[in-house]
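Data block below; observations after.
Each value in this text was obtained by applying a stated rule to the coordinates, not by laboratory testing. Only a predicted model underlies this, so the values are computations on that prediction, with no experimental measurement involved. So basically every Cβ, Gly included, is an ideal-geometry build from the backbone, and we count neighbours across all protein chains shown.
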Protein chains: 2
Amino acid sequence: MNLKSANGPRRDPHDETRRQILEAAGEVFAEAGFGRATVREICRRAGANIAAVNYHFRDKETLYGEVLRDSQRMAFEKYPPLPGVAADARPEEKLRAFVRSFLLRLFDNGPITRFGRIMSREMVEPTGALDSLLKERLRPMADLLRGIMAEILGRSPDDEQVRLCVFSVVSQCVFYHHCRTMISRLFPEQRLDATMVDRLADHITGFSLAALKHLPEAKKSKSRRSPPATRKH
Amino acid sequence: MNLKSANGPRRDPHDETRRQILEAAGEVFAEAGFGRATVREICRRAGANIAAVNYHFRDKETLYGEVLRDSQRMAFEKYPPLPGVAADARPEEKLRAFVRSFLLRLFDNGPITRFGRIMSREMVEPTGALDSLLKERLRPMADLLRGIMAEILGRSPDDEQVRLCVFSVVSQCVFYHHCRTMISRLFPEQRLDATMVDRLADHITGFSLAALKHLPEAKKSKSRRSPPATRKH
DNA sequence: TGACATGTCAAACAAATGTTTTAATTTCTT
DNA sequence: AAGAAATTAAAACATTTGTTTGACATGTCA
């Protein structure tokens, strides 16, 4: 009888091969994407046999799922959405922290970069591994930002303008990472790494807050929010 | 001697197979990307033999290049960057037209959709076919928008803030198309098709112009820190 | 008509890939 | 230490892929 196929291999603390495969898979998937990545290359970098992937993980797809889960967890552990921001802080401050963390999550050097790389590909051709990530991480993130935006605008989180403004902020955050090859070619003077994060965060929050404060008035659909002025003055 | 490999096959006007392969290849490349697309599927949809791709085009890669060139030409013929805008029009009006055309180019129904789909993939994993497109189309577009933005801001086109604002506008345009699978899942109420283009264009231009008009004054080359947000250092 | 270029087709080729198999080896338990 | 379980290793398997080959068909023009 084959225990592996039923319960998977034992998770010994000294299971080194499995860990190294996960590490190597992170690199390869981030560089080549799921389709172009090969288990042979993963095993080569892990110093393991070709059969190791199918033994320690069920198949390539399951391995990919674990890689995505792992890199996502690392990224959000190091860069939570609102690091050290008081719950009652001004929404403008929350927005700035949110944008900064977002950018850092994408431009951090080291293994965390994988998360951004893999996510970029998931946007274009999503895999099944995206579903759980969406529920666990992305939806709470979206709700959080929607709440911040609603507070700044003095509107309901379900308002259409709030949703569009969420898009406007998020789009600026993902753009620099997602389109970085195009940016580098069209604007070689634009640096795109962790050292630029603060400057980019300054611009994005400055640009967005200027827009949010002076947006042309649109009809409020179902405004159920009382304090209309979180204004500074 | 084989003339095909030297000069390519004759371009007879009644060369139907070649045209149908180009058409089918457009579909398949847009749906699956260069890597996942197979010449067998392309030939099947074109009703042609498997050898047809290598006969009429040199190989899969050359075919991809012609598809990209074709779809790009169609997209910009139907939606030029500034359709019917006078050269001396106000920059705000130019910006609105630019954004609208940008969105239409991505969300047009029909064969033009392919351009957006293929470009999305080129962002994540660029191929050699991107180079010529970049020089011919994208750089002029970028320069055009940079000029508009410089005029609105009253700054030099080479100013860093101008560049960052270009990014802020372009990012909002590409976002809805590039991240449409994510948007659909997180915000099912958000429609994403040609019927939404006008509304999206209104929001993007409104948001961006509000920001541009009320941007906090930045020095020419130094970043600024306005709010009392820094806690760590 | 007959040579010739051009296009089409079925088949095969060569390389790559995920996975499985089967045996050897290591590790753990008793 | 002995047997069982877990892990590793080499090889092979089954597909899929882009590409090529060689035969055949078709149209053109002397």
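Results, tabulated for the structure shown:
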quantity: Gyration tensor (alpha-carbon) shape descriptor, segment B:126-223, a/c threshold 1.5; calculated: oblate
quantity: Residue among B:ARG137, B:ARG18, B:ARG36 with the largest mean-square fluctuation in a Gaussian network model of chain B, springs linking Cα atoms under 10 Å; calculated: B:ARG36
quantity: Ascending list, in nanometres, of distances separating the B:GLY110 label from those of the other copies (7 Å, Cα toward Cβ); calculated: 5.3
quantity: Most mobile of A:ALA46, A:ALA32, A:ALA86 in a GNM of chain A (Cα contacts under 10 Å); calculated: A:ALA86
quantity: Helical contribution to [θ] at 222 nm, DSSP H n ≥ 4, -39,500 (n - 2.57), averaged over chain B, rounded to 500; calculated: -20000 deg cm²/dmol
quantity: On Cα atoms only, tilt of B:197-213 relative to the major axis of chain B in degrees; calculated: 40 degrees
quantity: Value in Å of the Kirkwood radius, where segment B:59-127 supplies the Cα pairs that are averaged; calculated: 13.2 Å
quantity: Equivalent ellipsoid semi-axes - Cα gyration tensor, the protein assembly as shown, angstrom; calculated: 38, 33, 20
quantity: Contact order normalised by residue count of chain A, Cα under 8 Å, 6+ apart, percent; calculated: 19 percent
quantity: Contact order normalised by residue count of segment B:8-77, Cα under 8 Å, 6+ apart, percent; calculated: 35 percent
quantity: Shortest-first nm distances, B:GLU189 label point to equivalent points in other copies (7 Å, Cα→Cβ); calculated: 4.3
quantity: Anisotropy class of chain B from Cα gyration tensor, a/c 1.5 cut; calculated: prolate
quantity: Environment charge of A:GLY128, counting only residues whose C-beta is closer than 11 Å and scoring Lys/Arg +1, Asp/Glu -1; calculated: -3
quantity: Candidates A:PRO91, A:PRO140, A:PRO80, ranked by Gaussian network fluctuation over chain A, Cα under 10 Å, top entry; calculated: A:PRO140
quantity: Per-copy distances of the A:ALA51 label point, shortest first, in nm (7 angstrom along Cα→Cβ); calculated: 4.2
